[in-house]
Amino acid sequence: MAIRVAYTGNGACAQAMRQVEPHMVAAYPITPQTEVVEEFAKFVADGKVKTKFLPVESEHSAMSACIGGVAAGGRVMTTTASQGLAYMWEMLYIASGLRLPIVMGVANRALSAPINIHGDHSDTMGARDSGWVQLYCKTVQEVYDTLIQAVRIAEHDEVRLPVMVCYDGFSVSHSLMDLEVLAEEQVKGFVGRFTPRYPLLDIANPVTYGPLALYDFYFEYRRQQVEAMATAERAVREIAEEYASLSGRRYSAVEAYRLDNAEVALVSLGSTASTIEYAVDRLRDEGVAAGALRIRTFRPFPKDAIREALEPLKAVAVMDRSESLSGWGGPVGIEVKAAFYETEARPLLLDVVYGLGGRDVGVDDVREVFGELKKATDAGKMSDPVYYLSLRE
Amino acid sequence: MATIKELSRKPELLTGGHRLCAGCGASIAVRQVLLGANDQVIAGSATGCLEVSTTPYPFSAWKIPFIHNAFENSAATISGVEAAYNALKRRGKIEKKMKFVAFGGDGGTYDIGLQSLSGAMERGHDMVYVCYDNGAYMNTGIQRSGSTPFGAATTTSPAGKVRPGKPQQRKDLTQIIAAHNIPYVAQASISHWKDLVKKAEKAFSVEGPAFLNVMAPCPRGWRTPNEITIEISKISVQTGFWPLYEVEDGEWKLNFKPKELKPITDFLKPQGRFRHLFKPGNEHLLETAQAEIDKNWSWLKKRCGVE
């Protein structure tokens with residue numbers, strides 16, 4: 001039976017990993033993810049899991065060992081953050097290119113320089129085109145639920161892609177929240193047994209992993225990844241439904257909050273959605289037709305669901321917790337704008353870059369953004385396409 | 001150890017038809033190493049000549065399971081394979097005994113893969129790491145490495161008007177790995193096949209990490225005729241450029257003890273990459289090369305208790 005407990009985001013991540021009990025975990029500690037590795041090492045030391053734990057010497061080797069382990073035929077998991085994810089970058093593409101179902105928790109943190117340990121999305125946004133499915137969590141409960149679902153998504157027969165489960169550094173990773181935890185046999189039953197494809201250890205049928213493929217075959221490899229990513233959209237949805245019938249908690253690619261009859265809305269990823277939803281309630285009380293949309297699945301990008309949810313609105317602000325440094329805002333803003341290229345009607349779109357390096361975002365900040373949207377709707381246009389929130393200028 | 005007749009009857013695990021050059025030392029090294037394996041072997045390789053030439057999709061020269069991941073992580077990758085094997089074995093999913101070997105050139109081992117190798121050795125995986133050492137980044141067109149000998153001309157340490165090839169001495173990787181205090185470390189050469197196969201057999205038979213550093217010349221990079229690969233390997237041993245020794249549970253043993261070393265010029269002279277060292281006015285460079293060999297040889301003899 002499910003029980004109610006209190007965990008931090010990292011604790012929930014570790015508990016989900018314990019209950020999934022993969023064959024192997026190879027991980028390297030880094031703030032703000034460190035606790036996950038510590039707790040998992042303790043589970044191993046206390047004999048609570050049979051998992052083989054590899055305390056590797058770097059994140060690069062963590063992902064390299066995961067690639068070896070899953071190719072061998074084992075279910076593998078890891079976790080990281082920030083510089084660690086950046087250090088793994090090379091291997092992220094190999095994991096997805098070899099179609100290896102690895103599940104990785106990422107406690108989102110800013111990237112150096114300057115060095116900063118706090119939460120923003122620079123790390124995972126930098127890996128957005130690495131061929132991994134990316135799911136962003138709002139709460140500690142969602143970290144737990146998503147980790148478990150991620151195993152099924154990654155191992156889905158028509159997907160076979162690695163999955164990143166992203167949660168905000170400190171605001172989720174270190175926040176204690178109460179959550180409902182499933183019984184171990186429920187989790188084990190849900191994830192099922194891992195069926196490897198072409199495992200290295202099948203010595204009767206020797207296979208070669210990681211061959212050289214040049215202009216004659218490389219392109220076809222990539223095209224198949226595109227297909228897998230398209231299938232992942234369906235897999236995320238179906239597995240969420242199945243999980244809902246097990247847990248009573250339902251998740252979707254995008255989550256609308258009071259968007260019915262809304263005129264203005266904020267789009268966000270991760271824990272900021274909670275603050276936005278609180279502000280929306282206050283604004284609704286004051287008669288403002290405010291709403292919110294949270295993108296939970298960033299890869300594959302749910303363009304249709306986003307268009308459908310936002311098309312009727314007058315003005316929308318996309319909250320970007322990273323800067324693409326392209327000269328026109330953050331990656332989420334750019335992609336949401338691109339999603340509206342083919343529609344006839346579209347809301348005014350404002351890209352809001354906020355919270356970099358862990359700068360806090362409060363209810364007043366969210367109100368400020370809604371204020372900008374009001375100005376835009378009054379004027380019938382955006383005065384500036386990118387807005388920097390709570391920034392000294 | 002098996003006789004040469006018995007070895008000749010063992011199946012080839014790396015088959016012919018791959019695209020390595022004629023006279024390449026790498027494939028000879030791999031075949032000799034695999035002859036030392038008496039259990040099922042799973043192999044991995046770092047990016048490099050060996051990997052690109054044996055796996056041009058949709059072909060593979062490997063008759064055994066093989067994985068290439070990237071350049072600097074052959075050791076970490078095989079450590080993951082070994083860990084998954086043990087996890088599956090622990091849960092009763094696999095019964096058969098398997099051994100794991102990671103190959104890398106000197107680029108992937110001495111330089112970019114040193115951290116990954118050190119980590120895997122320290123963690124104590126039951127795996128063999130084999131460096132096929134040809135003394136430069138040959139796959140990308142002969143660039144210097146931490147293993148490139150003093151004075152050698154490479155495309156990134158060219159012999160120019162003011163610089164006579166690589167100004168630095170080689171690093172001693174075998175000793176670095178020996179300092180990890182793992183069960184078995186050895187240096188071998190493809191010219192001494194019996195010694196090499198025996199060392200491979202020992203490496204595969206120990207429980208825990210083992211490391212082999214194998215002399216494997218590259219005719220392209222060394223500027224030597226294809227047909228002298230084995231001969232030049234032999235000279236590398238006879239001149240003390242590549243001493244054959246092993247460190248078994250901390251015991252150092254010299255496996256080849258000539259009464260007198262041949263002069264290092266015997267090794268340098270046949271190779272085009274050292275041609276400039278023999279120009280008038282460069283005698284001091286040859287002396288420096290010889291002095292380094294003498295110093296290292298004397299140190300190694302002392303370490304192995306040989307006088």
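Averaged over the residues of peptide B:246-259, the number of Cβ atoms from other protein chains lying within 10 Å of each residue's Cβ is 0.
How much FRET efficiency would the formula 1/(1 + (r/R0)^6) give for A:Tyr215 and B:Arg223, where r is the Cβ-Cβ distance and R0 is 30 Å, rounded to 0.05? Don't jump to the answer; show the numbers that get you there.
Details: r = 31 Å, r/R0 = 1.04.
Given R0 = 30 Å and the Cβ-Cβ separation, E is 0.45.
Could you tell me whether the protein assembly as shown comes out rounded, prolate or oblate from its Cα gyration tensor? Rule is a ≥ b ≥ c as square roots of the eigenvalues, rounded for a/c under 1.5, then prolate if a/b exceeds b/c, otherwise oblate. It comes out prolate by the Cα gyration axes. Checking the cross-link pairs B:Lys5/B:Lys301; B:Lys198/B:Lys301; B:Lys202/B:Lys295; B:Lys5/B:Lys302 against a 32 Å limit on the alpha carbon distance flags B:Lys5/B:Lys301; B:Lys5/B:Lys302 as lying beyond it.
What percent does the relative contact order of the range A:254-388 come to when contacts are Cα pairs within less than 8 Å and at least six residues apart?
Details: 241 pairs, mean separation 35.9, N = 135.
Worked out over the range A:254-388, it gives 27 percent.
Counting protein heavy atoms only, the range A:214-304 has 51 percent of its accessible area on carbon and sulfur, 1.4 angstrom probe. Residue by residue along A:69-78, Cβ atoms of other protein chains within 10 Å of the local Cβ number 6 on average.
Pairing the Cα long axis of helix A:34-45 with the longest principal axis of chain A, what angle in degrees results, from 0 to 90 and rounded to the nearest 10? For A:34-45 against chain A, the angle is about 30 degrees.
Packing, taken as the mean count of other beta carbons within 10 Å per residue, orders the peptides B:68-77, B:43-52, A:120-129, A:147-156 from highest to lowest as B:68-77, B:43-52, A:147-156, A:120-129.
For A:Arg237, A:Arg160, A:Arg307, A:Arg193, what's the largest-to-smallest order of accessible area, 1.4 Å probe? Each step should come with its number before you reach the end.
Numbers: A:Arg237 145, A:Arg160 15, A:Arg307 45, A:Arg193 190 Å².
I get A:Arg193, A:Arg237, A:Arg307, A:Arg160, largest accessible area first.
Sorting B:168-174, B:121-127, A:216-222 by their mean Cβ neighbour count within 10 Å, with the most densely packed peptide first, gives B:121-127, B:168-174, A:216-222.
Our note on the geometry: Cα centres of the range A:229-291 and the range B:156-184, 58 Å apart. Calculated FRET efficiency, A:Trp328 to B:Arg91, Cβ-Cβ distance, R0 = 45 Å: about 0.30 to the nearest 0.05.
In deg cm²/dmol and to the nearest 500, what is the mean residue ellipticity at 222 nm of the protein assembly as shown if only DSSP H runs of at least 4 residues count, each as -39500 (n - 2.57), divided by the residue total? Before the final figure, lay out the partial values.
Numbers: 23 runs with 269 residues, N = 700.
After summing the helix terms and dividing by the residues of the protein assembly as shown, the value is -12000 deg cm²/dmol.
Site pair A:Glu393 and A:Gln186 shows an inter-label distance of 4.8 nm when each label is modelled 7 Å from Cα along Cα→Cβ. Here the Karplus relation 6.51 cos²θ - 1.76 cosθ + 1.60, evaluated at θ = phi - 60°, turns the backbone of the range B:178-187 into coupling constants of 4, 5, 7, 6, 8, x, 8, 9, 8, 10 Hz, with x for every Gly and Pro. Between the range B:39-77 and the range A:316-387, how far is it from one alpha carbon centroid to the other, in angstrom? Comparing the Cα centres of the range B:39-77 and the range A:316-387, I get a distance of 48 Å.
Kindly express, to the nearest 10 degrees and within the range 0 to 90, the angle between helix B:74-90's C-alpha long axis and the longest C-alpha principal axis of chain B. Rounded to the nearest ten degrees, it is 20.
What does the structure give for A:131-139 when I average, per residue, the other chain Cβ atoms found within 10 Å of the residue Cβ? Display every interim value, and only then the final one.
Numbers: counts 0, 0, 0, 0, 0, 0, 0, 0, 0.
Average neighbour count from other chains, rounded to a whole number: 0.
Note down the relative contact order for chain A as a percent, whole number, built from C-alpha pairs under 8 angstrom at least six residues apart. Mind showing how you got there, number by number?
Values: 837 pairs, mean separation 61.6, N = 393.
Normalised by residue count, the contact order of chain A is 16 percent.
With each label modelled as a point 7 angstrom along the Cα→C-beta vector, the B:Lys295-A:Ala41 pair spans 4.0 nm. For chain A, the longest principal axis of the alpha carbon atoms and the long axis of helix A:82-97 meet at an angle near 70°.
According to the square roots a ≥ b ≥ c of the eigenvalues of the Cα gyration tensor, what is the shape class of the range A:254-388, taking rounded for a/c under 1.5, prolate for a/b larger than b/c otherwise, and oblate for the remainder? Rounded is the answer for the range A:254-388, as its axis ratio a/c remains below 1.5. FRET efficiency for the pair B:Val306 and A:Ala289, taken as 1/(1 + (r/R0)^6) with r the Cβ-Cβ distance and R0 = 56 Å, rounds to 0.05. Averaging the sequence gap over all C-alpha pairs within less than 8 Å and six or more residues apart, then dividing by the number of residues, gives chain B a relative contact order of 17 percent. Backbone geometry of the range B:197-204 corresponds, through the Karplus equation with coefficients 6.51, -1.76 and 1.60 at θ = phi - 60°, to 3J(HN,Hα) couplings of 5, 5, 5, 5, 4, 4, 4, 6 Hz, x marking Gly and Pro.
Here's how it looks for B:His68: its modeled amide H is under 5 Å from those of A:Tyr209, A:Gly210, B:Ser45, which are all 5 or more places away or on a different chain.
Accessible area lost on pairing A with B, both sides, 1.4 Å probe, Å² to nearest 100? Each step should come with its number before you reach the end.
Values: alone 17170 and 14280 Å², together 28190 Å².
Approximately 3300 Å² gets buried when A meets B.
Distance between the pseudo-spin-label points of B:Glu201 and A:Arg222 (7 Å out from Cα toward the beta carbon): 5.0 nm.
Subtracting the Cα-Cα distance of B:Thr155 and B:Lys257 from their residue separation scaled by 0.36 nm leaves 33.2 nm.
The values are calculated or read from the model by the stated rules, or taken from the named source; none is laboratory data. The shown structure was predicted, so the numbers you read here are calculated from the model rather than taken from an experiment. Glycine also receives a Cβ, built like all others from the backbone with ideal geometry; neighbour counts cover every protein chain displayed. Keep in mind that these areas ignore ligands, DNA and RNA; they rest on the heavy atoms of the full protein, side chains included. Shrake-Rupley method; radii C 1.70, N 1.55, O 1.52, S 1.80 Å.
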